[in-house]
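Enquirer: Once you've had a glance at the structure underneath, I'll fire off some questions.
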Amino acid sequence: MQSDTLLHAANFSTLFVCMVLKFPQIFVLMRAKSSTGVSLNSLLLELVGFIVFVTYQMYYDYPPPTYLEYPILIAQDVILLLLILHYNGSLRHSLIYALVFVAGWRLLTVEKWIIDLAMSLCTFISAASKFAQLQCLWRSKDAGQVSALSWAMATYTCMVLVRFIAMTLLNLWVLFTVLYYQKYRSSSKKED
C-alpha cells in the first residue's frame, strides 16, 4: 500500500515537473536574447524522440495518461526551437523544420514496421540528443545560456525509471539465485 502511494506520488510529481521542465530554459534564453551553449542538434533529436514516442503510444491506443507529458514537452521544445532560431537569426527556417516534422510524423504511421522500428531506436535518439548537448558544451567550453534547473528537473524525471531498472536487476538476481539453488537442491537429492 505504501509503495503504491509512493509510486503514484513519484508519477504525479514527474508529470508536474514535465509540465514546466523547459520553462527555466525558455526564460534564460529570453532574458539573455542569446542561445549560446544550447545545442540545436540536441533539441532537434529530442523533438524527434518525443514525437516518435507519442506517435507510437497513440498508434497502439495506449491510454493518454501513459504519455500525457510528451505533448506538453513537445510544445515546450517547439517554443525553444523558435527562440533558438530567432536568436541565431534563422527564424525563416522554422517553416522548413515544421514541414519536416509533420512529414516525418505522418511517415511514422504509413506502415506498422516503421513505427515499431522508430520506437526501438527511441532510446538511442534520446541518448544522441544528450551527447549532442555535451558535444556543444565541450566545444564551446561555455555553458552560455544552458539552464541547470531544466537539466536538474530532467534528471529528476528519469530517476523514477532508475527505480524500475534497479528493481528489474534485483528481481533478476533473485530469479538466478532461485534457479541456482533449485538446481543445487535437485543435484544434491540425486546424490542421496
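Enquirer: I need every pair where a residue in the range 108-119 that is in the same structural domain as VAL52 (by the TED database) has its Cβ under 7 Å from the Cβ of a residue that is among the β-branched types (Val, Ile, Thr) and surrounded by fewer than 19 Cβ atoms within 10 Å (Cβ to Cβ), sequence separation at least 6 or different chains.
Expert: LEU108/ILE114; ILE115/THR109
Enquirer: Quick one: which helices (runs of 4 or more DSSP H) lie wholly within the range 48-158 and hold at least 3 residues that are charged (D, E, K, R) and surrounded by fewer than 12 Cβ atoms within 10 Å (Cβ to Cβ)?
Expert: Those helices (runs of 4 or more DSSP H) do not exist here; none qualify.
Enquirer: Which numbered condition in (1) within 23 Å of VAL17 (Cβ to Cβ); (2) touching a residue at least 12 places away in the same chain (Cβ under 8 Å) is the only one that THR66 fails?
Expert: In the conditions (1) within 23 Å of VAL17 (Cβ to Cβ); (2) touching a residue at least 12 places away in the same chain (Cβ under 8 Å), THR66 misses (2) alone.
Enquirer: Also: Tell me whether the range 28-38 contains one or more residues that are of a type in the set (D, E, K, R), free of Cβ contacts under 8 Å to residues at least 24 places away in the same chain and either more than 20 Å from LEU149 (Cα to Cα) or in a helix (DSSP H, G or I) (or both).
Expert: Yes, there is a match, as at least one residue in the range 28-38 is of a type in the set (D, E, K, R), free of Cβ contacts under 8 Å to residues at least 24 places away in the same chain and either more than 20 Å from LEU149 (Cα to Cα) or in a helix (DSSP H, G or I) (or both).
Enquirer: Give me the pairs: first residue in the range 146-159 and closer than 14 Å to PHE16 by Cα, second residue surrounded by 14 or more Cβ atoms within 10 Å (Cβ to Cβ) and modelled with pLDDT under 85, beta-carbon distance under 8 Å, and six or more apart or on different chains, which are they?
Expert: TYR156/THR14; THR157/THR14
Enquirer: Give the range 74-128 a look and list any residue that's among the β-branched types (Val, Ile, Thr) and either under 21 Å from SER39 (Cα atoms) or touching a His at 6+ places or on another chain (Cβ under 8 Å) (or both), or say none.
Expert: Correct list: ILE74, VAL78, ILE79, ILE84, ILE96, VAL100, THR123, ILE125.
Enquirer: Something else: Being touching an Asp or Glu at 6+ places or on another chain (Cβ under 8 Å) and either hydroxyl-bearing (Ser, Thr, Tyr) or crowded, with 19+ Cβ neighbours inside 10 Å (or both) narrows it down to one of LEU43, LEU29, LEU21, LEU15, so name that one.
Expert: Values: LEU29 fails: touching an Asp or Glu at 6+ places or on another chain (Cβ under 8 Å); LEU21 fails: touching an Asp or Glu at 6+ places or on another chain (Cβ under 8 Å); LEU15 fails: either hydroxyl-bearing (Ser, Thr, Tyr) or crowded, with 19+ Cβ neighbours inside 10 Å (or both).
Being touching an Asp or Glu at 6+ places or on another chain (Cβ under 8 Å) and either hydroxyl-bearing (Ser, Thr, Tyr) or crowded, with 19+ Cβ neighbours inside 10 Å (or both) holds for just one of LEU43, LEU29, LEU21, LEU15, which is LEU43.
Enquirer: Does at least one position in the range 47-61 carry a residue that is at pLDDT 95 or above and within 19 Å of VAL146 (Cα to Cα)?
Expert: Within the range 47-61, one or more residues are at pLDDT 95 or above and within 19 Å of VAL146 (Cα to Cα).
The values are calculated or read from the model by the stated rules, or taken from the named source; none is laboratory data. Predicted model, so just to flag it, every value in this text is computed and none were measured. Glycine gets a Cβ as well: all are built from the backbone with ideal geometry, and neighbour counts include every protein chain shown.
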